[in-house]
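Novice: I'd like to ask some things about the structure below.
The values are calculated or read from the model by the stated rules, or taken from the named source; none is laboratory data. Quick caveat, the model's predicted, so the values are computed rather than measured. Positions of Cβ are backbone-derived with ideal geometry, glycine not excepted, and every protein chain shown enters the neighbour counts.
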Amino acid sequence: MPELPEVEVLLRHLKPQLEGRVIGSPCILQARPIRPDVPRSLASALQGCRINTLSRRSKFLIFDLATPPERGRGSLRILGHLGMTGRMFLQPLDVPIPKHTVLHFSATGERFVFQDVRRFGRFTSDLSSLQDLGPEPWDAAFTPRYLRDLLQKSKQAIKVRLLDQSIVCGLGNIYVAEALFRSGIDPRTAAGSLTQAQCERLVPAIQNCLQEAVKLGASLALGFDGTGSRDGLFYYGSDGEEEATPAPERFQVYDRAGSPCRQCNSVIQRIVQAARSTFYCPHCQRRR
DNA sequence: ATGGCTGTTATCCG
DNA sequence: CCGGATAACAGCCA
């Protein structure tokens with residue numbers, strides 16, 4: 001998916017556009033991403049709601065809605081997740097509904113679209129996924145000590161552990177590789193054997209990787225018509241400007257197998273861990 | 001063209 | 001419990 005930075009950037013774009021708008025004619029075209037909600041019930045629950053606030057937790061977007069007065073002034077919280085291929089954007093009402101649209105609704109003169117080719121994303125009132133999330137990477141609770149304590153008893157590779165959102169949330173396959181490179185840690189290192197010194201490098205490495213990606217994403221001029229192809233990483237329609245730097249250019253290791261390390265010229269390696277690609281520099285990330 | 005790859009995560013087994 | 005494997009899905013690329 002879109003990892004934390006992409007979701008944060010999406011939030012910053014959507015928040016000023018969506019907050020205060022009223023949902024009309026919600027239409028659900030794919031049942032899977034809204035489960036366990038039932039299409040008809042969710043659609044009728046959304047009808048007429050005012051979008052009070054949009055926020056982010058981990059890789060989730062949170063829609064806090066106010067139900068219309070005639071249905072009694074209640075509130076409704078919806079969780080959105082982009083999965084691997086989700087996009088959310090606003091488009092003019094006269095633009096056709098795109099292929100792979102999961103759901104759409106009118107929002108005061110425009111149309112909000114959640115599109116998701118692979119349908120791994122979510123848009124649901126089921127909040128249970130928030131339950132086991134670890135701290136945000138910038139939370140005061142996310143300290144080297146905390147990290148070391150949590151990793152202590154695990155023999156699993158650090159790369160794999162860091163994909164577990166209950167340790168610290170927001171990392172995905174790309175930024176975990178980048179963060180491990182930046183902290184000089186071999187991705188195969190058993191989590192429990194990380195030293196305090198390594199944890200002290202890892203925490204800021206994670207924070208800085210994510211922070212820089214947010215900064216980059218927020219600086220890009222983006223269109224939201226949903227018609228653009230890809231803009232490297234950031235998951236919303238672009239207006240065809242296609243100015244963004246191609247992804248591999250921005251990364252130290254991710255997707256750079258066979259290319260020279262930018263720091264030491266060693267050949268970047270690709271291995272498979274937990275059925276996912278891991279990229280690392282065999283020289284800069286030696287086991288200690 | 002067939003198979004392997006893809007930014008995620010829930011669930012099912014041993 | 002822990003951890004590995006698989007499934008959910010469509011498209012792209014070699």
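Novice: When you look at A:R161, is it crowded, with 19+ Cβ neighbours inside 10 Å, more than 30 Å from A:I268 (Cα to Cα), of a type in the set (D, E, K, R) and within 13 Å of DNA strand B (Cβ to nearest atom), yes or no? Talk me through it step by step, then tell me what you get.
Specialist: Details: crowded, with 19+ Cβ neighbours inside 10 Å: yes; more than 30 Å from A:I268 (Cα to Cα): no; of a type in the set (D, E, K, R): yes; within 13 Å of DNA strand B (Cβ to nearest atom): yes.
No; evaluated as a whole, the condition is false for this residue.
Novice: On to the next question. Here are some conditions: (1) assigned by TED's automatic domain parsing to the domain that holds A:S75; (2) at pLDDT below 95. A:K153 meets all but one. Which one does it not meet?
Specialist: Only one criterion is unmet by A:K153, namely (1).
Novice: Restricting the stretch A:93-109 to residues that are in contact (Cβ under 8 Å) with a residue 24 or more places away in the chain and away from DNA strand C (no atom under 16 Å from the Cβ), which is surrounded by the most Cβ atoms within 10 Å (Cβ to Cβ)?
Specialist: A:F105
Novice: Would you mind finding the one in A:P246, A:P204 that is assigned by TED's automatic domain parsing to the domain that holds A:Q273, surrounded by fewer than 16 Cβ atoms within 10 Å (Cβ to Cβ) and modelled with pLDDT under 95? I'd like the intermediate steps shown before the answer.
Specialist: Numbers: A:P204 fails: modelled with pLDDT under 95.
Within the list A:P246, A:P204, the selection yields A:P246.
Novice: Restricting to the stretch A:39-89, what's the tally of residues that are in contact with a Cys (Cβ under 9 Å, 6 or more places away or on another chain) and of a type in the set (D, E)?
Specialist: 0
Novice: Please state which one of A:H100, A:H104, A:H81 is within 22 Å of A:G20 (Cβ to Cβ), modelled with pLDDT of 95 or more and assigned by TED's automatic domain parsing to the domain that holds A:I28. Even if it seems obvious, please write down each step before you answer.
Specialist: Details: A:H100 fails: within 22 Å of A:G20 (Cβ to Cβ); A:H81 fails: within 22 Å of A:G20 (Cβ to Cβ).
On inspection, the qualifying residue turns out to be A:H104.
Novice: Conditions: (1) under 24 Å from the mean Cα position of the chain (by Cα); (2) farther than 27 Å from A:N173 by Cα; (3) surrounded by 15 or more Cβ atoms within 10 Å (Cβ to Cβ). A:G24 meets all but one. Number of the miss?
Specialist: So A:G24 meets the others, but not (1).
Novice: Let me ask you something else. Given the conditions (1) among the aliphatic types (A, V, I, L, M); (2) in contact (Cβ under 8 Å) with a residue 12 or more places away in the chain; (3) away from DNA strand C (no atom under 16 Å from the Cβ), report the number of the one that A:I158 does not fulfil.
Specialist: (3)
Novice: In this structure, is A:D225 in a loop (DSSP other than H, G, I, E, B), modelled with pLDDT of 95 or more and acidic (D, E)? Even if it seems obvious, please write down each step before you answer.
Specialist: Numbers: in a loop (DSSP other than H, G, I, E, B): yes; modelled with pLDDT of 95 or more: no; acidic (D, E): yes.
When the stated conditions are applied, A:D225 does not pass them.
Novice: Any chance you could count how many residues in the stretch A:55-87 are crowded, with 20+ Cβ neighbours inside 10 Å and either in a helix (DSSP H, G or I) or more than 16 Å from DNA strand B (Cβ to nearest atom) (or both)?
Specialist: So the answer is 2.
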